[in-house]
Amino acid sequence: MTSKRYGVSGIVDADGKLTGIFTDGDLRRLVQTGESFLEKKAAEVMTPNPKTVSPDLLAKACLELLETHRITQLMVCDEKHCPVGIVHIHDLVTLGL
């Protein structure tokens, strides 16, 4: 999450298919609960079934989805639902959208 500056990590199953995401917001909320969460599995703390887009979706359509769902990133998945990238709202702002 930190090294790529997107604030999100994709969670995949054994076949590489996206099953969820874990965001910096998820982490902050876990810390705020005061509970011990370091021993939990990713499936217990992730956001399941995140919003995704296909690689051929236009940037403008991605921005509309981000705004509609009030989120900051979309996972880009191929036809097998395997993640191939991330579109972050900051990327789109940089493009001038």
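Results for (1) among the polar types (S, T, N, Q); (2) at positive phi; (3) out of contact with any helix residue (DSSP H, G or I) (no Cβ under 7 Å at 6 or more places or on another chain); (4) touching a residue at least 40 places away in the same chain (Cβ under 8 Å), shown as yes or no for each residue.
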{"residue": "Leu18", "(1), (2), (3), (4)": "no, no, yes, yes"}
{"residue": "Arg29", "(1), (2), (3), (4)": "no, no, yes, no"}
{"residue": "Phe37", "(1), (2), (3), (4)": "no, no, no, no"}
{"residue": "Lys40", "(1), (2), (3), (4)": "no, no, yes, no"}
{"residue": "Lys51", "(1), (2), (3), (4)": "no, no, no, no"}
{"residue": "Pro55", "(1), (2), (3), (4)": "no, no, yes, no"}
{"residue": "Ala59", "(1), (2), (3), (4)": "no, no, no, no"}
{"residue": "Cys62", "(1), (2), (3), (4)": "no, no, no, no"}
{"residue": "Ile86", "(1), (2), (3), (4)": "no, no, yes, yes"}
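Which helices (runs of 4 or more DSSP H) sit wholly inside the chain and have at least 3 residues that are out of contact with any Asp or Glu (no Cβ under 9 Å at 6 or more places or on another chain) and surrounded by 15 or more Cβ atoms within 10 Å (Cβ to Cβ)?
Details: elements: 24-33, 42-45, 59-69, 89-95.
The helices (runs of 4 or more DSSP H) meeting that bar are 24-33, 59-69.
The numbers here are math on the coordinates, done by the rules we state, and not lab data. As the structure is a prediction and not an experimental result, all values here were calculated from the model. Backbone-built Cβ (ideal geometry, glycine too); neighbour counts: all protein chains shown.
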